[in-house]
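What follows is a single structure, written as structure tokens, with notes after it.
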Amino acid sequence: MLAGSAIDACAIVEPNPEMQKAALKRTPQAEIVGSLEKLLALSPDGIVIATPSALHAEQSIAALEAGVAVFCQKPLGRNAGEVKAVLEAARRNDRLLGVDLSYRFTAGMEQIRDLVRENVIGKIYAAELVFHNAYGPDKAWFYDPAQSGGGCVIDLGVHLVDLLLWTLDFPIATNIYSQLFAQGEKLLNCLSKVEDYAVATIELENGLAARLACSWRLHAGCDAVISVTFQGTEGSLAFSNVNGSFYDFTAELRRGTQSEVLTIPPDAWGGRAAVDWANRLAVSNRFDPQADELLKVAEVLDRIYAGS
């Protein structure tokens, strides 16, 4: 339930007893209920969905059809078809829909997007986007394509594709070429195995060429390598993690051999996507057409998996 701009958790669906205890410790006023149907019967203002990816679209649609706003963990669907179905449900029932594309809400990426809009680095002609994770997911369903929809691309690459399109106001991708690997071997059938390394070249309608790379369990010498760089005729803008951190980032404006630091840690960005959704919900639970951007991201991911 919403109280002004605050959030009160009224109910939780969680089958794991240990996770139930942890959730109740943070939200002691909440009730543990046995199913999504029982939760929706309580008529909450909104619901947060954090389940395996195979359930995201189905559960989001069920909530939206019940008149409940949705904030879903990424990916919203395992493919563009599922994402489109969720968007149609949100529009049909006129309910707010949000997805946890959290890197948009880092101070560094917000500033980079503003500077791109202000044409600070001139014409942008190239971008490089990287997300390498020295670890793989710790849940078995991530490695089943039927449940996850894919491997490192849909898990990590979704953030990179979103940041590329979001920063540039969602231009159309005209050409995409990609290669996916599983344990060092080129992956030819994404239906039987998930990828743990992927590279892609994405050409946008304005001629910009973007190079994307992401992986699980890469021998990177640190926990993670995360970076987004836009090259322009008058300079470049770079966002990168600090000392292999998953949480600490810097942003820089670069011209020639000079660099201006734009943002530095600390930056408590982790929950901002959910807070943004909750604040919007406190004002109105109606469908926001901005959600249509989610389909554009999903369509690019589908084409990366298709290799074209």
Problem - Cα-based Lys proximity count in the chain, under 29 Å, for pairs eight or more positions apart or on separate chains - result: 23
Fill in the blank from the handout: Rounded to one decimal in nm, the spacing of the 7 Å Cα→Cβ label points at F181 and L55 is 3.4
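If you take the beta carbon distance between S240 and V275 as r and set R0 to 25 Å, what does 1/(1 + (r/R0)^6) give as a FRET efficiency, to the nearest 0.05? Don't jump to the answer; show the numbers that get you there.
Working: r = 24 Å, r/R0 = 0.98.
It comes to 0.55.
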Completion exercise
Heads up, the stretch 187-259 by the C-alpha gyration tensor (a ≥ b ≥ c square roots of eigenvalues; a/c under 1.5 rounded, else a/b over b/c prolate, else oblate) looks oblate
Problem - Spread of Cα-to-Cα distances over 10 Å intervals beginning at zero, given as percent, for the chain - result: 6, 25, 33, 26, 9, 1, 0
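Using 0.36 nm per residue of separation minus the Cα-Cα distance, give me the extension gain between T257 and D169 in nm, one decimal. Mind showing how you got there, number by number?
On the way: separation 88, 0.36 × 88 = 31.68 nm, distance 2.88 nm.
Length gained between T257 and D169: 28.8 nm.
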Problem - Point-to-point label distance, D138-R92, nm (Cα→Cβ direction, 7 Å offset) - result: 3.9
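With a cut-off of at most 14 other beta carbons within 10 Å, and DSSP calling the residue loop, which GluC sites (Glu not before Pro) in the stretch 126-219 qualify? Please list them. Kindly include the intermediate steps, with their values, before the conclusion.
On the way: sites: E128, E185, E195, E203, E205; in loops: E195, E205.
Filter output for the stretch 126-219: E205.
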Completion exercise
Largest fluctuation, V261, V68, V242 only, Gaussian network model of the chain with Cα springs under 10 angstrom, belongs to V261
Problem - Virtual spin-label span in nm between Q29 and E118, 7 Å along Cα→Cβ - result: 4.1
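What's the magnitude of the charge dipole for the chain around its Cα centre, counting Lys and Arg as +1 and Asp and Glu as -1 at the beta-carbon? Answer in Debye, nearest 20. Show your work: numbers first, answer last.
Details: 26 positive and 38 negative charges, 15 e Å.
I would put it at about 80 debye.
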Exercise for the section: Using 0.36 nm per residue of separation minus the Cα-Cα distance, give me the extension gain between S43 and N16 in nm, one decimal. Expected result: 7.4 nm
Exercise for the section: Run through the DSSP bridge list for the chain and note the antiparallel percent, rounded to the nearest 5. Expected result: 70
Exercise for the section: Put one equal scatterer on each alpha carbon of the stretch 1-126, apply the Debye formula with no solvent term, and list log10 I(q)/I(0) at q = 0.10, 0.17 1/Å to two decimals. Expected result: -0.42, -0.95
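What accessible area per residue comes out for the chain, rounded to a whole number of Å², with a 1.4 Å probe?
Details: 14820 Å² over 308 residues.
So the chain comes to 48 Å² accessible per residue, rounded to a whole number.
The values are calculated or read from the model by the stated rules, or taken from the named source; none is laboratory data. Predicted model, so just to flag it, every value in this text is computed and none were measured. Ideal geometry is used to build each Cβ from the backbone, glycine not excepted, and the neighbour counts take in all protein chains shown. What goes into the accessible areas is simple: the full protein's heavy atoms, side chains included, and nothing from ligands, DNA or RNA. Shrake-Rupley method; radii C 1.70, N 1.55, O 1.52, S 1.80 Å.
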